[in-house]
Amino acid sequence: MDLLNTLVDKGLRRELPTREEALAVLATSDDELLDVVAAAGKVRRQWFGRRVKLNYLVNLKSGLCPEDCSYCSQRLGSKAEILKYTWLKPDEASAAAAAGIAGGAKRVCLVASGRGPTDRDVERVGKTIEAIKEQNEGVEVCACLGLLSDGQAERLKDAGADAYNHNLNTSEATYGQITKTHTYADRVDTVQKAHAAGLSACSGLIAGMGESDEDLVDVVFSLRELDPDSVPVNFLIPFEGTPLAKEWNLTPQRCLRILAMVRFVCPDVEVRLAGGREVHLRTMQPLALHLVNSIFLGDYLTSEGQAGQADLDMIADAGFTVEGAGTSSLPAHRADVAAATAAASAAAGHGPCGSAPAEAGCGSACGGCSGHTDTAEAAAEAAPAAPSQAEPGAVRPDLVAVRRRGAGTDLAPNA
C-alpha cells in the first residue's frame, strides 16, 4: 500500500505527513487495519523498541470543579455519582503513588480538579512531590492542575515537577461546543507556559466526542506544532450524568486507526494510551501496544480501569517489556533537547530537579489510582442498551459498563 510505505518512510525520518495522508489513515477499511497497525508499529519500534512506559494517576482533589467541560464527570452541574473530596494530604498522596510504583510505574501523575491552582495549591503540590520523591527515588512526577497563571509553572519546576499535563482535547474549531468556561487558546497558553519553564510538556486529546476526522487531524497537527514530549490519547468514557453520556461513537477498529494516525504524525513522541482503552478497545488492547509506547496502570480519575496485574500480563503476553527507571523514555535526540531546555531554564533562575529549597521536592506525570474491590460490581454504571446481534464493526456499548471508581462503596479516596 503506497500510503503506508510513504508514512513509514516519513516516520523513520521524523517528517510530518500531509493532512491528506493523515486523513487517509482514518479512512482505511477494516480489511486494511492490520496493515495499518504493522506500518505504524515499524515507526514505534524505530524510536521506542518494545518498551512500554507505565504511568500512575493520583487524584489529589476529586469533583467540585467550576468548569463546564462536557466530557468530564467532575464538571459543573455533573450528576455523575463519583467520589468527591478535597485535597489529599502529602502523605496520603505518597501512599497512593507507592501502590502504582510498586507495580512498575515510572511516572506518577498528580491531578486536581478545578480551573487552575492558586499559589497556595502550588505550594501544597510541591510538598506532595517532595513526599513522593523522598519515598521513591528516581520516580518522575507530572502535575495536572488546570490552567496556569504567570510564574506557576516555574514554581512547580522549582518544587521538583518534571512535567506538566494539559490536554488540548479537540480541535480549535469545535472546542467551543465542548467547553464554554475557558477557551482553546487558554489551553495552548498553559502548555506553552509549562514548556517555557523547562517542564516536559504533556498534551493530548479525547476522541469519541462526536468530532469529525478533520477535527482529529487538526488537533493532532496542533499538538505536533506545540511539540510536547508526550501525547496522551483518551477515548471518551460516556459517564451517565454528563452531556456526552450517549456519545458511543467508537469501535476498537476506529480507536486503532486513531492511534496509528497519531503515531505517524508524532513518530518520536511518547504516545500514551490513556482513559477509555478498556471500554472501547476491549480485547483489542494488545494490538494498541504496537502503536503506543506508554499506558496508565490501573484506574483513572473517576472510573475503574483494568486491574494492574492484567495490564502487566497483557504487556508480557504481547511480547513487550516494561520500561525501567534507568531507561530514557525519549529517543536520544529528544532527550538531548529536553536536557538543553532544562539547562536554559536553570540558567534563567529556575533550578533543576533537586535544587529547590529543603521544603521542596522533585517530580513528573498526570494522575489516577488503582484499587479494585469486591464492591466494584455493585458500583458499576449500566451502559446504554444495544442490540445483541450487532453488525460486524458496529459500536457496541453493551459490551463494557462504565465503572465508577469507589462510588456507592466505603472505598477511601485512592485506596
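Structural remarks
- Any pair with Cβ under 8 angstrom, 6 or more apart, that starts in the stretch 189-211 at a residue that is under 16 Å from Gly146 (Cβ atoms) and ends at one that is among the acidic types (Asp, Glu) and modelled with pLDDT of 95 or more: Lys193/Asp150; Ala197/Glu154; Leu199/Asp162; Ala201/Asp227; Ala201/Asp229; Cys202/Asp229
- Remark: pairs (first residue in the stretch 162-188, touching a residue at least 60 places away in the same chain (Cβ under 8 Å); second residue surrounded by fewer than 20 Cβ atoms within 10 Å (Cβ to Cβ) and among the small types (Gly, Ala, Ser); Cβ separation under 6 Å; 6+ apart in sequence or on different chains) = Ile178/Ser70.
- Here is the figure for the stretch 306-323: residues that are under 17 Å from Trp47 (Cβ atoms) and exposed (fewer than 15 other Cβ atoms within 10 Å of the Cβ) total 1.
- Across the stretch 77-107, the qualifying residues are those that are of a type outside the set (S, T, N, Q) and closer than 22 Å to Leu205 by Cβ, and the one among them that is modelled with the lowest pLDDT is Ala80.
- Counted residues, the stretch 275-300 - those being small (Gly, Ala, Ser), within 20 Å of Asn169 (Cα to Cα) and at pLDDT below 95: 2
- Checked against the criterion of being surrounded by fewer than 24 Cβ atoms within 10 Å (Cβ to Cβ), among the charged types (D, E, K, R) and outside any helix (DSSP H, G or I), the candidates Lys193, Lys180 yield just one match: Lys180.
- From the list Lys133, Lys106, the lone residue that is closer than 21 Å to Leu297 by Cβ and either within 19 Å of the chain's Cα centre (by Cα) or among the aliphatic types (A, V, I, L, M) (or both) is Lys106.
- In the stretch 72-93 there is at least one residue matching the filter, namely being among the small types (Gly, Ala, Ser) and in contact with a strand residue (DSSP E or B) (Cβ under 6 Å, 6 or more places away or on another chain).
- Conditions (1) at pLDDT 95 or above; (2) surrounded by fewer than 17 Cβ atoms within 10 Å (Cβ to Cβ): number failed by Thr6: (2)
- Filtered residue count, the stretch 210-227, keeping only those that are crowded, with 19+ Cβ neighbours inside 10 Å and over 26 Å from Arg107 (Cβ atoms): 4
- Against the test of being assigned to a loop (DSSP other than H, G, I, E, B), out of contact with any strand residue (DSSP E or B) (no Cβ under 7 Å at 6 or more places or on another chain) and over 29 Å from Val217 (Cβ atoms), the options Gly138, Gly126, Gly104 yield a single qualifying residue, Gly138.
- Within the stretch 261-282, tally of residues that are over 16 Å from the mean Cα position of the chain (by Cα) and crowded, with 24+ Cβ neighbours inside 10 Å: 4
- The set of residues in the stretch 28-80 being of a type in the set (Gly, Ala, Ser), closer than 22 Å to Leu273 by Cβ and part of a loop (DSSP other than H, G, I, E, B) consists of Gly49, Ser73.
- Odd one out for Arg277 among (1) farther than 18 Å from Val37 by Cβ; (2) in contact with a helix residue (DSSP H, G or I) (Cβ under 7 Å, 6 or more places away or on another chain): (1)
- In the set (1) part of a loop (DSSP other than H, G, I, E, B); (2) within 19 Å of Phe221 (Cα to Cα), the condition left unmet by Glu21 is number (1).
- When Glu92, Glu20, Glu32 are checked against the criterion of being touching a residue at least 40 places away in the same chain (Cβ under 8 Å) and more than 19 Å from Val269 (Cα to Cα), Glu92 stands alone in meeting it.
- As a summary of the residue check, Glu15 satisfies the conditions (1) touching a residue at least 40 places away in the same chain (Cβ under 8 Å); (2) over 30 Å from Gly176 (Cβ atoms); (3) part of a loop (DSSP other than H, G, I, E, B) except for the one numbered (1).
- Restricting the stretch 191-212 to residues that are hydrophobic (A, V, I, L, M, F, W, C) and in contact with a helix residue (DSSP H, G or I) (Cβ under 6 Å, 6 or more places away or on another chain) leaves a set whose member that is nearest to Val271 (Cα to Cα) is Leu205.
- Comparison of Arg51, Arg75 shows that the only residue that is in contact with a Ser or Thr (Cβ under 9 Å, 6 or more places away or on another chain), more than 23 Å from Gly308 (Cβ to Cβ) and of a type in the set (Lys, Arg) is Arg75.
The rows are residues; the columns are (1) modelled with pLDDT under 65; (2) more than 21 Å from Ala274 (Cβ to Cβ).
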{"residue": "Thr302", "(1), (2)": "yes, no"}
{"residue": "Gly305", "(1), (2)": "no, no"}
{"residue": "Leu312", "(1), (2)": "no, no"}
{"residue": "Ser329", "(1), (2)": "no, no"}
{"residue": "His333", "(1), (2)": "no, yes"}
{"residue": "Ala339", "(1), (2)": "no, yes"}
{"residue": "Gly349", "(1), (2)": "yes, yes"}
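- Filtering the stretch 95-117 for residues that are in contact with a helix residue (DSSP H, G or I) (Cβ under 7 Å, 6 or more places away or on another chain), surrounded by fewer than 24 Cβ atoms within 10 Å (Cβ to Cβ) and among the aliphatic types (A, V, I, L, M) leaves a non-empty set.
- Options Ile206, Ile237; residue that is under 15 Å from the mean Cα position of the chain (by Cα) and modelled with pLDDT under 95: Ile237
The values are calculated or read from the model by the stated rules, or taken from the named source; none is laboratory data. The model shown is predicted, which means the values in this text are computed figures rather than measured ones. Because the Cβ atoms are built from the backbone with ideal geometry, glycine has one as well, and the counts that use them run over all protein chains shown.
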